[in-house]
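Chemist: Below: one structure in structure tokens.
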Amino acid sequence: MKTILTTSPDEAARFIKRGGIVAFPTETVYGLGANVFDENAIAKIYAAKMRPVDNPLIAHVGKIEDVNILAKEITETARKFIAAFFPAPLTIVLPKAEAISLIATANLETVGVRMPRNETALEFLKACGAPVVAPSANLSGRPSPTTWQAVYEDLNGRIDCILQSETSAEIGLESTVVDCTGDFPLVLRSGAVTLEQLQKIVPETRIYKLKKDEKPRSPGLKHRHYSPRARVVLLDSRFEIQHSGFESPNSKAFIGLIELRENFDLVKICASVENYAHSVFDFFRQCDRKNIGTIYCQTIEEKGIGLALMDRLKRASEN
Ligand code: TXA
Ligand code: MG
């Protein structure tokens, strides 16, 4: 398959209307989209990404009213979050409407709904004429793509089109996912809309913790994620490596907020936690291109977007 590159949201949307799959920029990471009502196209997403079929997709809308197409019911807490945040790096899990295929939701009776706040994404979604289901536009298990070049690296020849943005994704980490189907909202995945911000709107909001032997509410939580090929090692605030001390791997890299005296082959010093979040997936990919053996990542305080960043770093270091 030839993958067409374009900067035109209308041209990209035409592929969706013809049953194709299209990567598009958002403020979090690039998504790989298909028409929510086209089961064939949805199946192509799973194949192109090599994504496990038990991992549900988020449905994206270009206007708030379209949430009604996707959800059977908009619960009280969801209504509050939508009013407070949409468009936002926030996905709300709701009971799904009858018309939404179980292929999109991986057999769940719920659907994740998000309205991105990126202008190009909104233009594209409106031009598609229907909600668009989209996981992150990476090969399954790889770091999420924050540039069109990263999408190209993973999916060239496997998808119909890439809608290009000149700039890299503003936030760089995937959206916050909050389940609003129960008595109180549960954060299934942390992101740029923070727990603290959600609690200002609904104070009962809490972080979901998987209990032993429980079936995870968010199937994505159990899958391998965010992994560069390099080994990822976390450095605590005193820059002591959690286990064995600095070994001397063939080549090593560092990303964090403070410069170290150690010699690295590749270094990224970030001006803020936000900038660290924005840069980390792209840095992982740069390291892989340079065949870096070990990537050392500075740990940070788990509050605000630091919670989301630490979540991704921990997962990357587990493999
Ligand atoms: O920022 C984002 O959310 C990006 C952009 C493209 O919008 N998308 C993204 O999609 O990260 P993906 O598929 O890589 O991650 C979706 C996460 C998975 O962990 C999945 O399990 C969870 O959301 N999810 C989706 N629908 C769900 C549902 N109905 N119930 C529980 N979790 C759900
Ligand atoms: Mg993903």
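Where a number appears in this text, it was derived from the coordinates with a stated rule and is not lab data. From a predicted model like this one, the values you see are computed outputs, not experimental measurements. Note that we place each Cβ from the backbone using ideal geometry, even for glycine, and neighbour counts take in every protein chain shown.
Chemist: Of K49/K211; K17/K49; K17/K314; K268/K303, which pairs sit farther than 27 Å apart, going by alpha carbon to alpha carbon? Write down the numbers at each step before the final one.
Modeler: Details: K49/K211 29 Å; K17/K49 20 Å; K17/K314 39 Å; K268/K303 22 Å.
Result: K49/K211; K17/K314 exceed 27 Å.
Chemist: I've got another one for you. Could you give the size of the charge dipole of the chain about its Cα centre, using +1 on the Cβ of each K and R and -1 on the Cβ of each D and E, expressed in debye and rounded to the nearest 20?
Modeler: Values: 40 positive and 39 negative charges, 125 e Å.
Dipole about the Cα centre, nearest 20: 600 debye.
Chemist: In degrees, nearest 10, range 0 to 90: what is the angle between the Cα axis of helix 305-318 and the longest Cα principal axis of the chain?
Modeler: 70 degrees
Chemist: Provide the net charge surrounding G19, with neighbours chosen by a C-beta distance below 15 Å and charges set as Lys +1, Arg +1, Asp -1, Glu -1.
Modeler: +1
Chemist: Go ahead and run the numbers for FRET between R289 and A97, Cβ-Cβ distance against an R0 of 35 Å, rounding to 0.05. Provide the component values of the computation, followed by the final result.
Modeler: Numbers: r = 43 Å, r/R0 = 1.22.
The value I calculate is 0.25.
Chemist: So, one more: Among I103, I258, I92, which one shows the highest mean-square fluctuation when the chain is modelled as a Gaussian network with alpha-carbon springs under 10 Å?
Modeler: In the Gaussian network model the winner is I258.
Chemist: To the nearest 0.05, how large is the calculated FRET efficiency for R261 and R229 if R₀ is 22 Å and r is the Cβ-Cβ distance? All intermediate terms of the calculation are to be shown ahead of the outcome.
Modeler: Details: r = 27 Å, r/R0 = 1.22.
That pair, R261 with R229, gives E of 0.25.
Chemist: Peptides 62-73, 14-25, 78-89, 170-181: what's the order by average Cβ count within 10 Å, highest mean first?
Modeler: Numbers: 62-73: 16.7, 14-25: 22.4, 78-89: 18.8, 170-181: 24.6.
Packing proxy ranking, top to bottom: 170-181, 14-25, 78-89, 62-73.
Chemist: For every other residue with a beta carbon closer than 15 angstrom to the beta carbon of K290, add +1 if it is Lys or Arg and -1 if Asp or Glu, then tell me the sum. Numbers along the way, then the final one.
Modeler: Numbers: positive: R229, R231, K252, K268, R285, R289; negative: E153, D265, D282, D288.
Around K290, the surrounding residues sum to +2.
Chemist: Same structure again: About its Cα centre, what dipole magnitude does the range 1-56 give when the only charges are +1 on Lys and Arg Cβ and -1 on Asp and Glu Cβ, stated in debye to the nearest 20?
Modeler: On the way: 7 positive and 6 negative charges, 46 e Å.
With only Lys, Arg, Asp and Glu charged at Cβ, the dipole is about 220 debye.
Chemist: Let me ask something else about it. Mind checking the full-extension length gain between R238 and K2? Use 0.36 nm per residue of separation minus the Cα-Cα distance, one decimal, nm. Can you show the working numbers first?
Modeler: Values: separation 236, 0.36 × 236 = 84.96 nm, distance 4.93 nm.
Contour length minus Cα-Cα distance gives 80.0 nm.
Chemist: Of the DSSP beta bridges with both residues in the chain, give the percent that are antiparallel, rounding to the nearest 5.
Modeler: Working: 17 of 44 bridges.
Antiparallel: roughly 40 percent of the beta bridges in the chain.
Chemist: Relative to a virtual label point 7 Å from the Cα of A271 in the Cα→beta-carbon direction, which members of the range 277-319 show backbone nitrogen distances below 11 Å?
Modeler: Hits in the range 277-319 for A271 at 11 Å: none.
Chemist: Quick one: what does P(r) look like for the chain with 10 Å bins over all Cα pairs, in whole %?
Modeler: Values per bin, smallest distances first: 6, 28, 35, 23, 8, 1.
Chemist: Related question: Work out how much length E73 to E302 would gain on full extension: take 0.36 nm times their residue separation and subtract the Cα-Cα distance, in nm to one decimal.
Modeler: Numbers: separation 229, 0.36 × 229 = 82.44 nm, distance 3.33 nm.
Additional length available on full extension: 79.1 nm.
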